[in-house]
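Working notes, structure below.
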Amino acid sequence: ASTKARYVKKLPAPVDVTADDQTALRQVVEFYHETLKESSEALAYLEKRKIGHAGAVDHFKLGHANRTFGYRLPNSQLKEGREIRGRLQRLGVYRVTGREHFAGSLVIPVMDEQGNVTEMYGRKINDNLREGTAYHLYLPGPHKGVWNVSALPASRDVILCEALIDALTFWCAGFQNVTASYGVEGFTADHLAAFKKYNIERVYIPYDRDDAGEKAAARLAPALIETGFEVFRVEFPADQ
């Protein structure tokens, strides 16, 4: 076994131990992105959710955390291994348990106009998980940034979805002036600031037709109208 180990090729670490925080996050996003493109399981999930548009995969740096990230880090018994794990734990992509935060998930990064990573969303791609397992994950702390913000200047209208995968579905269907809240309670000051910055006039809200989505849309619409936007509730059939 020791002879075999000597000839195993050492793969480069996904994150440079000397990288600053933002560079480290971008390197994590890039690693997950390359992993997704080689994962038949993740690509099949994208097709099933109708978000497998090749342009979307690359444009939004969609990724897959397939639990191989940690194998590529320096040994945790080495100083650089401890340092890089500590950094990644602080950033929220690694846990103190030694596991990837987004393990088993499709990963959708949120980036600002300069390409800086402000948030990451993970959605488990398997549904046969232990009871109590969270299917939806974000980086720790308050949500920051607006997904697809770079598309906002091109239109005075914006489609505001309840979730990032919903917004991706719109984008893949040809509606590129789309963004998403972070769930029913996830419309943030960052969203409002971006809408104002890019002179958005009309907001279309296709939140889910379930009870939570209907109530959230009913709360959000008047607040947006009061701020000066025209607001339209988009209602698809409840079972769609």
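Overview of values
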item	result
Gain in span if fully extended, THR97 to ARG219, counting 0.36 nm per residue against the direct Cα distance	40.0 nm
In nm, spacing of pseudo-spin labels at GLU131 and GLN89 (7 Å Cα→C-beta vector)	3.1 nm
Amide H contacts under 5 Å for HIS64, placed H, 5+ residues apart	HIS33, THR35, LEU36, VAL107
Table column - 3J(HN,Hα) (Hz), segment 122-130, Karplus curve with 6.51, -1.76, 1.60, x for Gly and Pro	x, 10, 4, 9, 10, 9, 9, 9, 4
Largest-first principal axis extents, alpha carbons of segment 1-111, Å	44, 34, 22
Sequence of MET120, MET111 from largest to smallest accessible area, 1.4 Å probe	MET111, MET120
Segment 14-60: trypsin sites (Lys or Arg not before Pro) in DSSP coil with no more than 16 other Cβ atoms inside 10 Å	ARG49, LYS50
Where labels lie 7 Å past Cα in the beta-carbon direction, separation of ARG67 and ALA44 in nm	1.6 nm
If the convex hull is drawn through the Cα atoms of segment 58-198, its volume per residue in Å³	131 Å³
Candidates per GluC sites (Glu not before Pro) in segment 77-132, loop by DSSP, up to 14 other Cβ within 10 Å	GLU113, GLU131
Förster-model FRET efficiency, 22 Å R0, ALA19 and ARG82, C-beta, rounded to 0.05	0.90
Per-residue SASA entry for ARG99, accessible area with 1.4 Å probe, Å² rounded to 10	110 Å²
Heavy-atom surface of segment 1-160, accessible at 1.4 Å and reported per residue (Å²)	55 Å²
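The values are calculated or read from the model by the stated rules, or taken from the named source; none is laboratory data. Keep in mind that what you see is a predicted model, and the values were worked out from it rather than measured. Ideal geometry is used to build each Cβ from the backbone, glycine not excepted, and the neighbour counts take in all protein chains shown. Areas reflect the complete protein model, heavy atoms only, side chains present, ligands, DNA and RNA absent. Shrake-Rupley method; radii C 1.70, N 1.55, O 1.52, S 1.80 Å.
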